[in-house]
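Written out below as structure tokens is the structure these notes cover.
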Amino acid sequence: MDALTFESIKTAAVVLLILFSAVGTIGKGLEVITGFRRPHREKEATTAQKLEEHRQMLDNDKRRLDAHEAQLGEIRRMNQMQCVGMKALLSHEINGNSIDKLKTANDQLDAYLIGVGK
């Protein structure tokens, strides 16, 4: 084994300094690269979060609109039944004794009201 000399210690120190400098340079380079990508990743995360929030709002709005559509359909059916009854009453008044149409309208109205109660 060779004796430790100043030159060998100096060479070892230089090699260690070069090694540490290389590790530091590579680490700093990776940090710079991730720094360039960070705003893009944050923007993607924010965009994904906003899209999810908007999807939830659209789902809520769709459910509300579907419920409103069902209510409007029920109101239309109720108006139709009222028109049938009104037409029977008008026919009765015009013709004098149109009891058949009144009975039919009464039966239809009863069927509708019983169906609404279910």
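Coordinate-derived values only; no laboratory data. Owing to the predicted nature of the structure, the values given are computational and were not obtained by experimental measurement. All Cβ positions, even for glycine, are placed from backbone atoms using ideal geometry, and neighbour counts span all protein chains on display.
Once the Cα atoms are used to define both axes, helix 99-117 deviates from the longest principal axis of the chain by about 30 degrees. Extension gain for Lys10-Ser91 works out to 17.3 nm (0.36 nm per residue, less the C-alpha to C-alpha distance). With r defined as the distance between the Cβ atoms of Met78 and Leu58 and R0 fixed at 41 Å, what FRET efficiency is calculated, to the nearest 0.05? Efficiency at R0 = 41 Å is approximately 0.85. Using every pair of distinct Cα positions in the chain, the Kirkwood expression returns a hydrodynamic radius of 23.0 angstrom.
The separation of the range 80-118 from the range 46-72, counted between C-alpha centres, amounts to 41 Å. Rounded to the nearest 20 debye, the dipole magnitude of the chain is 180 debye, with +1 charges on Lys and Arg beta carbons, -1 on Asp and Glu beta carbons, and the Cα centre as origin.
Excluding same-chain neighbours fewer than eight residues apart, the lysines reachable from Lys87 by a Cα-Cα span under 22 Å are Lys101, Lys103. Since only Leu109, Leu19, Val32 are under comparison, the one whose Cα sits farthest along the positive direction of the charge dipole of the chain, derived from C-beta charges on Lys, Arg, Asp and Glu, is Leu109.
Applied to the range 57-62, the Karplus parametrisation 6.51 cos²θ - 1.76 cosθ + 1.60 on θ = phi - 60° returns per-residue 3J(HN,Hα) values of 5, 5, 4, 4, 5, 5 Hz, with x for Gly and Pro.
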